Amino acid sequence: MKITVDIDCTPEEARKFLGLPDVKPLQDALMKELEERMKANLSALDPETMFNTWFPAGVQGLEQMQKMFWNQMSTMAGDDGQAKTTKKDDKT
């Protein structure tokens with residue numbers, strides 16, 4: 001036997017019926033405070049400060065990272081070339 005009960009009510013009505021607290025005022029207060037903090041932090045950052053925060057070493061750090069990636073890629077390409085040559089030599 002299967003019984004289905006459909007209840008048509010709003011979330012607020014269900015919350016009151018189940019005795020759950022209304023947290024909307026708390027959420028509104030927290031969101032307002034969060035918004036104020038975000039605005040204060042964003043207004044304090046100018047583009048130069050943001051760049052220095054995101055890239056502490058500046059352009060030199062980016063260049064060093066690029067060189068490191070190129071060295072890794074060239075090393076990997078060199079290893080693959082040697083591995084293919086070795087495989088061909090072993091078959092002959």
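The values are calculated or read from the model by the stated rules, or taken from the named source; none is laboratory data. Quantities reported herein were computed from a predicted structural model and do not represent experimental measurements. So basically every Cβ, Gly included, is an ideal-geometry build from the backbone, and we count neighbours across all protein chains shown.
Would a scan of region 31-47 turn up a residue that is surrounded by 10 or more Cβ atoms within 10 Å (Cβ to Cβ), part of a loop (DSSP other than H, G, I, E, B) and at pLDDT 80 or above? No, the conditions are met nowhere in region 31-47.
Of the candidates MET31, MET38, MET50, the single residue that is more than 30 Å from MET65 (Cβ to Cβ) and out of contact with any Ser or Thr (no Cβ under 8 Å at 6 or more places or on another chain) is MET31.
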